[in-house]
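Right, one structure below, let's go through it.
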Amino acid sequence: MTEKSECTLLSYLELIAVLLFPAVFIVWYSFSDKEFGKGDMILQKADIADHFRNNTLPVTLVDTVVIQEQDSIVATADSIVQDTLPQRILLFGDSMLEGIGKRMEQYAAENNHELLYVIWYASSTKIWAEHIDTLKHFMKKFQPTYIVVSLGTNELFVKEPNKRNSFVKTIIQTIGDIPYVWIGPPNWKKDTGINQVIEDNVETHRFFPSQKLTYKRGSDNIHPTFASAAKWTDSIAYWMNNDVKHRIILELPKKNDICGKHIYLQPLR
Amino acid sequence: MTFQQITDGIIALFSRQPRDPLLFTSGSFWLLFIGFILIYAFLCNRKNRMMLYVATFSLFFVYLSNGLVFLLLPVTAIYDFFLARRLHNCKNKKARKAYLLLSISLSVGILAYFKYANFFLKTWNDLFAGNFSMLDIFLPIGISFYTFQTISYVVDVYREKIKPTDSLLQYLFYISFFPLIFAGPIMRAGKFFPQITDDKKIDKAMIYSGLWLVILGIAKKAIFADYIAQYNNWVFENPLQYSGFEGLMAVIGYTAQIYCDFSGYSDISIGLASIMGFDLGKNFNFPYQACNLSDFWRRWHISLSSWMRDYIYIPLGGNRAGKFRIYMNNLITMLIAGLWHGASWMFVIWGGLHGLGLIIHKLNKPWLDKLPDTKPVLFLSWLLTFSFVAFLWIFFRAPNMAACSDLITHIALDFDLAYAIPFFYARKTWCILLALIFLLHMIRPAWHERIKGWFIRSPWIAKALLFSIVIQLVLQFSTGEVQPFIYFRF
């Protein structure tokens, strides 16, 4: 080996050491059970370890068509209220609402409902419960007759899901007597228990287990594409129309008309 | 963890979906790059093996994003390589021109099919109430960039500015070079080929100035651009739901976002190439410091601007024709530049308005040049240029003319400075990041070089720590709402 190529090789080996330093830490931290941080400020983990964990969901995957033809994947209420009046529907939750909201706007227009959806990016049951005034504000402002909650996506991998019990309870208590449903997160990997926590707190027939559907994911491999989210919403609407305790009219939209207002909230930092 | 889980995990980590590019800011890319550079270190002084290795890696990289459509790239390389050689060896002028036209037609034809077929069909349907159904095609990532490189190569051979390469491998290496492939800069063969053949030494300064650019680029893209993009997206999608002040902030935010996004990507590309011993030059030179529109285009996406000048503007007649023709050449060049950015009339309008701006600047140049270079004059020139450029980004970003006019009308008619303080309290991090972008943009090039020098001379552990901090900041700021590189779409 010449002196020149030896020098280049050494430079590259040093560079590899520089690159490996953060790589080793990030990979180790991703696999580690430990979390570093102080208070709310926690060092985020890369999702590398998730690729190595058992990702298989323990349920048979179905799609919209199957739901409509076979027995439902969701629980059916014993006593039924069939509400045929136009509703004021408040949707609130995390970024998953982007996909649901767009399709729900078409349902609202088709079925003469009023719709307000409030997306709080990167939010969780913890954030909504700890800032419950936000929900109270929108309930007071919009006076909904029906509420749809979509939360849980940002808590799929929390270490102690049982600690979320109180947050879910706070949200449900705030909703009070208004009829509501809770759309579970569309898991892309097996969660550590948030779905179960929500289902335990929400009456079973109010909970839509989105994790049991298949989705085409967008470029981040997390959020369903808009087309897939539209199918997801069709499943939810069919369920709200036919299976929940308090059923409202949500016929499949025939046109592309939309009706609804959106409010976007920044992630908390 | 079982062996099966480990292998499945590794496959999951590196497997991609077509149309889903492996971003330079992703962890998967960097893990792959560490393995790549380890082997590269042993091959970089053996030219043929190095070219074969890098070209194979580059094609794999393209395959991850484009699926089997990646084959277009070697096919383009093969026909262009042989046509350029035929053209060079041919003495007959007409035949030379025919080879040139054939090569350009093939390259532009493939680009037009993948990028503009549906655009033309939709326009036809809209204009003549036609009922052509849209084609089920997708835009292969990087096609706009490597097509421009192949065109410049063949035209330069035709103009006898360069000699065609004798090695198909070298040409494939140039066309597929992975730091350049997805979003440029658009590299000319005349500047790139000598760097392959020269017996140069890759030293620490070159490697670490590359790493410095990479760190800078990752910070610009994954921390600054992606974070401020979230707010900008909301406003541009629903401009009527925000006040005029919020609309204006989104326009300024997008002005900063597109700069950080694209120059961040360019920095990473140039940095990766520098780590591998290649100098790609500069692609951005503090564009928002420009004091007139011509100056802006000399600083913004320099490789595209100079390509447009050399292969569109000058062949149209450039500055040699009469005044009217010069203005028309400017307008045509900018309209094509607009269309190159995407198959949408919004991009064409954006390009056209820039063309008009350049014409107005040229018309007024005689008296503008007589103005003294005092601070107030320079400030006013800068303010006018920056405002015009930022205003035109609305056309670039808005999905259609209706959204564009909604936003502009709202800013004009519903503007109230009283929103400023509540806006700052509601979006503190956003405002701080925006202010930082513009502050860093004002940094003098000499200071930038000095900071880079410190980084290069620092011990390896300091470099590793800085790199780790930036990567961790990227993780802290990421929200799952990952924004693809804006220029990937082109």
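The values are calculated or read from the model by the stated rules, or taken from the named source; none is laboratory data. Everything numeric in this text was worked out from a predicted model, so none of it was measured. Using ideal geometry, Cβ is built from the backbone for each residue, glycine included, and neighbour counts are taken over all protein chains shown.
Data overview
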| quantity | calculated |
| --- | --- |
| Failed criterion for A:ASN201 (all others in (1) crowded, with 18+ Cβ neighbours inside 10 Å; (2) at pLDDT below 85 hold) | (2) |
| Filter pass, A:ILE73 being at pLDDT below 70 and touching a strand residue (DSSP E or B) at 6+ places or on another chain (Cβ under 9 Å) | yes |
| Residue in the range B:232-239 that is in a helix (DSSP H, G or I), without any contact (Cβ under 8 Å) to a residue 60 or more places away in the chain and buried (at least 20 other Cβ atoms within 10 Å of the Cβ) present | yes |
| The range B:396-448 - residue that is β-branched (Val, Ile, Thr) and part of a helix (DSSP H, G or I) and, of those, farthest from the other protein chains (Cβ to nearest Cβ) | B:ILE408 |
| Scan of the range B:174-211 for residues that are of a type in the set (Ser, Thr, Tyr) and under 23 Å from B:PHE455 (Cα atoms), ordered by number | B:TYR208, B:SER209 |
| Verdict on A:THR233 being under 15 Å from A:MET96 (Cα atoms) and either more than 14 Å from chain B (Cβ to nearest Cβ) or not in a helix (DSSP H, G or I) (or both) | yes |
| Test: residue in the range B:311-321 that is in contact with a Lys or Arg (Cβ under 9 Å, 6 or more places away or on another chain) and within 28 Å of B:PRO194 (Cβ to Cβ) | yes |
| Which listed residue is surrounded by 18 or more Cβ atoms within 10 Å (Cβ to Cβ), at negative phi, away from every other protein chain (no Cβ under 13 Å) and not in a helix (DSSP H, G or I), from A:VAL118, A:VAL168, A:VAL158 | A:VAL158 |
| Lone unmet requirement of (1) over 26 Å from the mean Cα position of the chain (by Cα); (2) surrounded by 15 or more Cβ atoms within 10 Å (Cβ to Cβ); (3) more than 30 Å from A:MET96 (Cβ to Cβ) for B:LYS452 | (1) |
| Qualifying residue in the range A:137-148 (condition: polar (S, T, N, Q), touching a strand residue (DSSP E or B) at 6+ places or on another chain (Cβ under 7 Å) and crowded, with 20+ Cβ neighbours inside 10 Å) | no |
| So A:ILE127, is it outside any helix (DSSP H, G or I) and surrounded by fewer than 23 Cβ atoms within 10 Å (Cβ to Cβ) | no |
| Residues satisfying the stated conditions in the range A:188-230, i.e. of a type outside the set (S, T, N, Q) and in a helix (DSSP H, G or I) | A:ILE194, A:VAL197, A:ILE198, A:GLU199, A:ASP200, A:HIS205, A:ARG206, A:LYS212, A:PHE226, A:ALA227, A:ALA229, A:ALA230 |
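To keep it simple, each residue is scored yes or no on (1) of a type in the set (D, E, K, R); (2) loosely packed, with under 15 Cβ neighbours inside 10 Å; (3) under 19 Å from B:PHE177 (Cα atoms).
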residue: B:TYR99; (1), (2), (3): no, no, no
residue: B:LEU106; (1), (2), (3): no, no, no
residue: B:TYR113; (1), (2), (3): no, yes, no
residue: B:PHE120; (1), (2), (3): no, yes, no
residue: B:ASP126; (1), (2), (3): yes, yes, no
residue: B:TYR146; (1), (2), (3): no, no, yes
residue: B:GLN149; (1), (2), (3): no, no, yes
residue: B:SER152; (1), (2), (3): no, no, yes
residue: B:ILE162; (1), (2), (3): no, no, no
